[in-house]
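Notes follow once the structure below has been shown.
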Amino acid sequence: MGAFDALTLIKGEGIEGDRYRAGAGFYSDRPEEGRQVTLFEIETLVALERDYGIRMAPADHRRNITTRNAPLNHLVGKVFRVGEVALEGTRLSTPCRHIEQITGQEVFTPLLHRSGLHARILSGGVVRVGDLITGE
């Protein structure tokens, strides 16, 4: 996992260069159309440290896009934009035990109901750091 200034999202497929889209490396054995991109709130990382003493960097949560000031749980079933890209929130992400193996921290339970939002890519384009999340 790494940080990027921009990501190219491809309609109906996923993120250019992503392991899920390429079918390479470690990935979930339960792929689905509604998991083309996953967003995660930076506020969750703040809460993990504050409430549980768990420190995680944005790359540690293993989701594709880290957001700020956007309550993702409210976007399930909604169409919204991240910059020029249109997404549809399909369901909340559930934490996986693999993240505990990678980070060496017990984060599964603290991440329940705050592990991000899966979304389908309705119109592709480039998402850049600083892009706003807006209603459709």
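The values are calculated or read from the model by the stated rules, or taken from the named source; none is laboratory data. Fair warning: this is a prediction, and the values are worked out from it, not measured in the lab. In this analysis, Cβ positions are derived from the backbone assuming ideal geometry, glycine residues included, and neighbour counts consider all displayed protein chains. Calculation scope for accessible area: heavy atoms of the full protein, side chains included, ligands and nucleic acids excluded. Shrake-Rupley method; radii C 1.70, N 1.55, O 1.52, S 1.80 Å.
Give me the net charge for the shell around GLY89: Cβ to Cβ below 10 angstrom, other residues only, Lys and Arg +1, Asp and Glu -1. All intermediate terms of the calculation are to be shown ahead of the outcome.
Values: positive: LYS78, ARG91, ARG120; negative: GLU88.
Once positives and negatives cancel, what remains is +2.
Might you work out the accessible area of PHE4 for me, using a 1.4 Å probe with all protein chains in place, and round it to the nearest 10 Å²?
140
Students sometimes get this wrong: rank VAL46, VAL37 by accessible area, probe 1.4 Å, all chains present, largest first. Before the final figure, lay out the partial values.
On the way: VAL46 90, VAL37 0 Å².
Greatest to least solvent exposure: VAL46, VAL37.
So how strong a dipole does the range 75-126 carry about its Cα centre when Lys and Arg Cβ are +1 and Asp and Glu Cβ are -1, to the nearest 20 debye? Walk me through the numbers on the way to the answer.
Working: 6 positive and 4 negative charges, 36 e Å.
In debye, rounded to 20, the range 75-126 gives about 180.
ARG97 accessible area, nearest 10 Å², 1.4 Å probe?
130
Leaving ligands and nucleic acids out of the surface, order HIS74, HIS61 by accessible area at 1.4 Å, largest first. The partial results should precede the final answer.
Numbers: HIS74 130, HIS61 0 Å².
So, going from the largest accessible area down, we get HIS74, HIS61.
Using a probe of 1.4 angstrom, how much of the accessible area of the chain is carbon and sulfur, in percent? Intermediate results must be reported in sequence, preceding the final value.
On the way: 3860 of 7770 Å².
Taking all protein chains in place, the chain shows 50 percent carbon and sulfur surface.
So, counting K/R as plus one and D/E as minus one, what does the shell of residues with Cβ under 11 Å around PHE80 add up to?
Values: positive: LYS78, ARG81; negative: GLU88, GLU136.
Surrounding charge for PHE80 is 0.
Using alpha carbons only, how many degrees (0 to 90, rounded to 10) separate the axis of helix 42-52 from the longest principal axis of the chain?
With rounding to tens, the tilt is 10 degrees.
Please work out how much accessible surface THR8 shows to a 1.4 Å probe, ignoring ligands, DNA and RNA, in Å² rounded to 10.
Only protein atoms counted, so the area is about 50 Å².
Among residues other than VAL129 whose Cβ falls under 11 Å from its Cβ, what is the net charge (Lys/Arg +1, Asp/Glu -1)? All intermediate terms of the calculation are to be shown ahead of the outcome.
Details: positive: ARG68, ARG128; negative: ASP5, ASP131.
Within the 11 Å Cβ shell, the charges total 0.
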